[in-house]
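Novice: Quick one: the structure is below, questions incoming.
The values are calculated or read from the model by the stated rules, or taken from the named source; none is laboratory data. All values derive from a computational prediction rather than experimental measurement. Cβ: placed from backbone, ideal geometry, glycine included. Neighbour counts: every protein chain shown.
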Amino acid sequence: MTDPNGSNYKLDLRVGRKFRIGRKIGSGSFGDIYLGTNIISGELVAIKLESIMTRHPQLEFEARVYKALSGGVGIPFVRWYGTEGDYNAMVIDLLGPSLEDLFNYCNRKFTLKTVLLLADQLLCRIEYIHARSFIHRDIKPDNFLMGIGKRGSQVNVIDFGLAKKYRDPRTHLHIPYRENKNLTGTARYASVNTHLGLEQSRRDDLESLGYVLIYFCKGSLPWQGLKAATKRQKYDRIMEKKMSSPAEILGRGLPVEFIYYLNYTRSLRFEDKPDYIYLRRLFRDVFARENYRYDYVFDWALHKQQQQQKRDALKAQLLTQDQTDQDDSNLANEPVDNVKIEKQAPIESVQQDIYQQYKPQPQVAAPVQLAQTPAPLQAPVLAQAQQPQSFPQQHERSQPNQTDPSTTNNRYAKPDMNTRIQNWNNDVVNSSNTKTSTFNKSIQPLNVGGANATPNNESFDKPTLPNNGTQNPSNNPHWL
């Protein structure tokens, strides 16, 4: 923790005997605000500390103002005030974020509905303060805090360190008009009369509120960001800009009621009592004309909901992507045997089917297709008078049926034609010794090639077969 003198050390303080000081959560006009805890009930509170060494102590006066305003809506309750060690301490209700914090949270722009909802409550808070004979004199977004819990939609006003009584509470005698006063408050939202050095009154709080509302609607004010060598010169430049900025210029693009409000507050005299009902009606008329619902739904609530939806969508997208990546990783790392594929037949059945389809079949020689089917083999025609009665027994073999596949075995293959003719001639010679010359002359060659075939032994080597490149009769033992 840092004390007002700038030295760093850790405080372990208990103020009011039962409030423990925690972390720093903010700063006021004359002091710092810390988070506190009631060590008996555990309730959270706010603790404002002010060094007793400060030149102009204000915390005691502020505590008195809070007590004078206690009981009003939007006024924090003071739990305890006193001195602990080197500090004056005030324990008050813990509140939520300021309007400036929420304004930044909403990207420095409020919708018209939110501004109108705030305007109605802010006018009520200022009216109540004025009714208790005080003026705030430091109206700005930082000094309005939203509540917490069940009072989250309630606007609260804080930091009465610059507050002042503008009249006697009993006689209602107004303070006198004065000039040449130093600027009190925040220059950005200060009234023109405050810049001119005039004594502040109720009109100045209301004019400052008008600048706050325009600031909320537009996001900035024309005199923001002005540069100057000294603070006094900067205040003068801000004053000149404000005085040269009529309400019609400041309220351009906004409902005309904002212009009416600013012109009215600027036209008030020093002791005039403002017409708070008229001012609230201005903004309520805009609210009704725009058909808004008075549901206390502010921009920051909607913005938070939208941000949550975006986070949820992004989270869901990341989870989906992670699940997809995990599935791909599991599939890549999973053994092949565990991969689910289409159900297949057992490998033994597949192998059997392949074997049945491609197993070797018995080779059955197809009949040789001849270009011209030769005549059946016949015995040679002999002379009528010299034809032998029969052939020797060893040559009487039945011809195998060449169309029957059972007779295609090599053991039934016939000898080649030359051998058969030679054997046949030898048999004839042996059986007819007395008629050799006549028998030899009367032999007619076997007509295999047709009527015009040449009686040459070469014609008996093998028959004429078509050879189209797919058959080789010389390699077929069954070509006869």
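Novice: Would you say residue 190 is crowded, with 20+ Cβ neighbours inside 10 Å and either among the β-branched types (Val, Ile, Thr) or modelled with pLDDT of 95 or more (or both)?
Specialist: So residue 190 passes the test.
Novice: Additional query: When the residues of segment 267-286 are filtered to those that are over 50 Å from the mean Cα position of the chain (by Cα) and of a type in the set (Asp, Glu), which remaining residue is nearest to residue 124 (Cα to Cα)?
Specialist: That would be 275.
Novice: Need pairs with beta-carbon distance below 7 Å; first residue at positive phi and exposed (fewer than 10 other Cβ atoms within 10 Å of the Cβ) and within segment 165-185, second part of a loop (DSSP other than H, G, I, E, B) and at pLDDT 95 or above; sequence gap 6+ or separate chains.
Specialist: Every condition considered, the pairs that remain are 180/197.
Novice: Please note which strands (runs of 3 or more DSSP E) are completely contained in segment 29-115 and include at least 3 residues that are within 48 Å of the chain's Cα centre (by Cα) and more than 30 Å from residue 220 (Cβ to Cβ).
Specialist: Details: elements: 31-38, 44-51, 78-84, 87-93.
Output list reads 31-38, 44-51, 87-93.
Novice: From the list 295, 272, exactly one residue is closer than 19 Å to residue 128 by Cβ and not in a helix (DSSP H, G or I). Which is it?
Specialist: Exactly one residue qualifies, and that residue is 272.
Novice: Please determine, by comparing only the residues of segment 161-182 that are in contact with a helix residue (DSSP H, G or I) (Cβ under 7 Å, 6 or more places away or on another chain) and at pLDDT 95 or above, which one is farthest from residue 100 (Cα to Cα). Can you show your working first?
Specialist: We begin by selecting, within segment 161-182, every residue in contact with a helix residue (DSSP H, G or I) (Cβ under 7 Å, 6 or more places away or on another chain); these are 161, 163, 166.
Keeping just the survivors that are at pLDDT 95 or above gives 163, 166.
On the way: 163: 20, 166: 27 Å.
Filtering first and then ranking leaves 166.
Novice: Suppose we filter segment 233-266 for residues that are loosely packed, with under 15 Cβ neighbours inside 10 Å, among the aliphatic types (A, V, I, L, M) and closer than 19 Å to residue 123 by Cα; how many remain?
Specialist: 1
Novice: Of the numbered conditions (1) surrounded by fewer than 14 Cβ atoms within 10 Å (Cβ to Cβ); (2) farther than 22 Å from residue 163 by Cα; (3) touching a residue at least 40 places away in the same chain (Cβ under 8 Å), residue 269 fails exactly one; give the number of that condition.
Specialist: Failing condition for residue 269: (2).
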